[in-house]
Each structure stands twice: as structure tokens, then as C-alpha cells.
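A.B. asks: Before we start, here is the structure in question, set down as C-alpha cells.
Each value in this text was obtained by applying a stated rule to the coordinates, not by laboratory testing. These numbers come from a predicted model, not from an experiment. Please note: Cβ atoms are built from the backbone with ideal geometry, for glycine as well, and neighbour counts cover all protein chains shown.
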Amino acid sequence: MLKLYGTSKSRSARCLWALEELGLKYEQVPVEVAKAKSPEHLKLNPNGHIPVLEDDGNIFWESMAINLYLAGKYGKVPLWPESHEGRGHATQWSFWGMTEVEPNLLTVLRNRLLLPPDQRNEEAAVAAVTALQGPLKALEGALHGREYLLGKDFTIADLNLSSIMSFAVFAKLDMSATPAAQAWLQKCLGREGFKKARSLP
């Protein structure tokens with residue numbers, strides 16, 4: 001059976017969401033972020049991070065790599081695109097989310113919610129919000145006239161990117177200037193798979 005090490009209060013949530021969308025039987029081992037550097041967990045991931053996926057004796061880490069692996073091995077159309085071009089675009093949007101969006105969203109979250117008040121830097125948060133405007137416009141353009149990133153169907157591209165964009169909800173990021181992106185995000189996060197993943201430990 002598939003085994004996922006990690007808590008839903010971390011990036012592991014996107015892997016739990018993928019497992020739910022794929023309808024796979026799995027066991028969750030709810031490792032907390034603070035326990036990821038324990039000697040036991042370091043045997044699974046020498047980097048000391050979660051999530052970790054175990055599948056038939058094979059170990060995988062890095063949440064996006066895990067999701068693309070799961071989609072590639074177990075996914076069916078439309079969640080996992082049939083064409084090489086569709087899969088390429090799914091990978092593109094997944095990496096784009098990690099490089100263009102996630103770092104700035106995490107900066108906003110840390111400096112407005114997560115860090116103790118005396119350690120927060122509002123200037124850094126404002127700069128990160130400013131830096132997000134370009135990527136948000138790019139996302140808005142990509143969604144113009146489309147239901148989802150690759151067309152009319154929800155795919156692993158939408159799951160991976162919206163899992164990152166969910167940080168914008170917690171950070172209370174104003175997305176009113178990009179209404180298509182805002183509507184897309186609400187639609188993705190309204191899925192039962194996402195709700196189930198977030199309800200897990």
C-alpha cells in the first residue's frame with residue numbers, strides 16, 4: 001500500500017490531495033514538520049523534510065515530484081493529460097508555481113501571520129505582494145476563456161498550482177485585479193479532494 005509521511009499542515013497537503021483525487025488507497029503517517037529531522041525520518045529523506053512517499057519499496061520526496069509521479073503512474077485522463085504536450089504543460093505550471101509564486105507567497109505568510117509579531121517585516125511582505133503581481137497577470141492571461149489551465153478539465157496542473165495558490169487565501173492576498181485567477185482558485189479549492197486532504201492530521 002502507498003504510504004505518505006507528512007501532515008496536512010504542510011506541503012504534504014498537496015500530495016494528500018493528489019492521492020484523494022486519484023482515489024488511491026494509502027496510509028498517512030502524520031509526521032510533523034518539527035519531527036522531519038529525526039533520525040528515523042532522515043533515513044527516508046536525508047534532507048529532513050516532508051512529505052515522503054513510499055510506493056512498493058521505492059521512496060520519493062519533493063511534493064511536486066511526488067504528485068507528478070502519482071499522476072504519471074496512477075492517473076487517467078483528464079487528471080493526467082494524454083498527450084506529451086499536455087503533460088509538458090502540466091509540468092511547466094507545476095514548476096512555475098514553485099519558482100514564480102511560492103517563494104513570495106511564503107514571504108507574505110511569514111511576515112503577516114506565521115512569525116512572532118516582533119520578528120515580522122512588513123516591508124518584505126509588501127515587496128513580495130508587489131513581486132506577485134506579474135505572475136498573477138500571467139496566470140490571469142492563461143485562464144482567459146478557459147475553465148482550467150489546460151482547457152475545460154481539471155488536471156494535475158491545476159491541483160499542483162492551486163495547492164500553492166491556497167497560501168494566498170491564508171495570507172488574505174487581494175486578487176480582485178485578476179478575477180479569472182481568483183474564480184479558478186476558488187473552484188479548485190472547492191473540490192472534495194482538497195477538503196478531505198485539509199481535514200487530515
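A.B. asks: Could you list Arg87, Arg146, Arg120 so that the one with the fewest beta carbons within 10 Å of its beta carbon is first and the one with the most is last?
C.D. replies: Listed from fewest to most nearby Cβ atoms, that is Arg146, Arg120, Arg87.
A.B. asks: Starting from the Cα of Lys152, step 7 Å toward the Cβ, then list every residue of the stretch 78-111 with an amide N under 19 Å from that point.
C.D. replies: Correct set: 78-83, 86-87.
A.B. asks: So which of Lys3/Lys37; Lys43/Lys195; Lys3/Lys196; Lys25/Lys137; Lys73/Lys195 end up more than 28 Å apart, counting from Cα to Cα?
C.D. replies: Lys43/Lys195; Lys25/Lys137
A.B. asks: Which whole-angstrom value gives the distance between the alpha carbon centres of the stretch 153-201 and the stretch 23-102?
C.D. replies: The two parts, judged by their Cα centres, are 18 Å apart.
A.B. asks: If packing is taken as the mean number of other Cβ atoms within 10 Å per residue, what is the order of 92-105, 22-35, highest first?
C.D. replies: Ranking the peptides 92-105, 22-35 by packing returns 92-105, 22-35.
A.B. asks: Determine the sum of side-chain charges near Leu139: Lys and Arg each +1, Asp and Glu each -1, restricted to other residues whose C-beta is under 15 angstrom from that of Leu139.
C.D. replies: Local charge sum for Leu139: -3.
A.B. asks: Using the number of other C-beta atoms within 10 angstrom as an exposure proxy, rank Asp118, Asp158, Asp174, Asp153 with the fewest first.
C.D. replies: Starting with the residue having the fewest Cβ neighbours, the order is Asp118, Asp174, Asp153, Asp158.
A.B. asks: Over the stretch 84-195, what is the relative contact order in percent, taking alpha-carbon pairs closer than 8 angstrom and at least six residues apart?
C.D. replies: Dividing the mean separation by the residue count of the stretch 84-195 yields 31 percent.
A.B. asks: Compute, for the stretch 84-195, the length of the dipole vector about the Cα centre, with Cβ point charges of +1 (Lys, Arg) and -1 (Asp, Glu) only. Units Debye, rounded to 20.
C.D. replies: For the stretch 84-195, the charge dipole is close to 200 debye.
A.B. asks: Mind running the shape call on the chain? Use the C-alpha gyration tensor, a ≥ b ≥ c as the square roots of the eigenvalues: rounded below 1.5 for a/c, prolate if a/b tops b/c, oblate otherwise.
C.D. replies: Oblate.
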